[in-house]
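These notes are about the structure you will find just below.
The values are calculated or read from the model by the stated rules, or taken from the named source; none is laboratory data. Just so you know, these numbers come straight off a predicted model, no measurement behind them. Reconstructed Cβ throughout: ideal geometry from the backbone, glycine too, with neighbour counts over all protein chains shown.
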Amino acid sequence: MSEHIHLSKQEEEEFISVLSEKKINKKQFLTRPGDKVDAEYYVVKGCLQSYYQDEAGNKHIIQLAVEDWWISDFEAFFSGKKAELYVEAIEDCLLLGLERQTLEMLYKRIPKFERFFRIKTTKAFVSLRSRILSALQKTGKQRYLDFCKDYPQIESRVPNYIIANYLGIKAESLSRIRKEIS
């Protein structure tokens, strides 16, 4: 947070006091379709994925999240609708939860938080737009190289089939791309 806003010691303590610690194990779900989503989660330790599963049972990974990132089914969190996404731990995780109602209270009591979360939301929006354009314009190899450059802390921790799914390519294609590069 300190990269974007300056908090007094009291504001920092108030923020920490409203966060709830949550531990989940590898392959455990944070949310599933149909769940009510009351919180977004800051990743202290671990790695998670959020994905949509279509009627044929195919997974479509929307987001990967590691330390210092936020994850949730954000549409459900912000709109109050039921979750449409699975959020699943790829590794054992330690998370800090922030409830929607508490977030709104923070915005009113300490307006700096509105600035912080606006900056984070804007960055997420730009990242998503960039990912969509990349899928439309670039080859699988180019997308993989960009992924490795942009997210080196994820590439070494996540199985190939998850990275391939995230990039919108087949796992076999990713294996071929990796062999070609090395």
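The single residue among Lys141, Lys149, Lys123 that is closer than 30 Å to Phe15 by Cβ and among the charged types (D, E, K, R) turns out to be Lys123.
The residue that is surrounded by the fewest Cβ atoms within 10 Å (Cβ to Cβ), counting only those in the stretch 138-173 that are among the aliphatic types (A, V, I, L, M) and farther than 16 Å from His60 by Cβ, is Leu145.
Counting residues in the stretch 63-73 that are over 13 Å from the mean Cα position of the chain (by Cα) and farther than 20 Å from Glu155 by Cβ gives zero. Of the candidates Gly80, Gly57, the single residue that is touching a strand residue (DSSP E or B) at 6+ places or on another chain (Cβ under 9 Å), more than 20 Å from Phe15 (Cβ to Cβ) and loosely packed, with under 14 Cβ neighbours inside 10 Å is Gly80.
If you go through the stretch 23-54, how many residues are among the charged types (D, E, K, R) and within 19 Å of Arg157 (Cβ to Cβ)? Number satisfying all stated conditions: 4.
Residue pairs whose Cβ atoms lie under 9 Å apart, sitting 6 or more positions apart in sequence or on different chains, and linking a residue in the stretch 13-37 that is more than 29 Å from Ile110 (Cβ to Cβ) to a partner that is hydroxyl-bearing (Ser, Thr, Tyr), are Phe29/Tyr86; Arg32/Tyr86; Pro33/Tyr52; Pro33/Tyr86. Inspect all residues belonging to the stretch 104-113 and state whether any of them is of a type in the set (Val, Ile, Thr), in contact with an Asp or Glu (Cβ under 8 Å, 6 or more places away or on another chain) and surrounded by 12 or more Cβ atoms within 10 Å (Cβ to Cβ). Yes; the residues of the stretch 104-113 include at least one that is of a type in the set (Val, Ile, Thr), in contact with an Asp or Glu (Cβ under 8 Å, 6 or more places away or on another chain) and surrounded by 12 or more Cβ atoms within 10 Å (Cβ to Cβ). The set of residues in the stretch 1-24 that are within 18 Å of Ala39 (Cβ to Cβ), modelled with pLDDT of 85 or more and not acidic (Asp, Glu) comprises Phe15, Ile16, Ser17, Val18, Leu19, Ser20, Lys22, Lys23, Ile24. Any idea which of Ile154, Ile163 is at pLDDT 95 or above and either more than 19 Å from Tyr51 (Cβ to Cβ) or in contact with a helix residue (DSSP H, G or I) (Cβ under 9 Å, 6 or more places away or on another chain) (or both)? Going through Ile154, Ile163 in turn, just one is at pLDDT 95 or above and either more than 19 Å from Tyr51 (Cβ to Cβ) or in contact with a helix residue (DSSP H, G or I) (Cβ under 9 Å, 6 or more places away or on another chain) (or both): Ile163.
Filtered by the rule that a residue be touching a residue at least 60 places away in the same chain (Cβ under 8 Å) and among the charged types (D, E, K, R), the stretch 41-79 gives Lys59, Glu67. In the stretch 106-128, the qualifying residues are those that are more than 15 Å from the chain's Cα centre (by Cα) and without any contact (Cβ under 8 Å) to a residue 24 or more places away in the chain, and the one that is nearest to Ser50 (Cα to Cα) is Arg118. Selection of the stretch 114-134 for residues being surrounded by 13 or more Cβ atoms within 10 Å (Cβ to Cβ) and over 18 Å from Ile5 (Cα atoms) yields Arg131, Ser134. Here is the figure for the stretch 2-25: residues that are loosely packed, with under 13 Cβ neighbours inside 10 Å and outside any strand (DSSP E or B) total 10.
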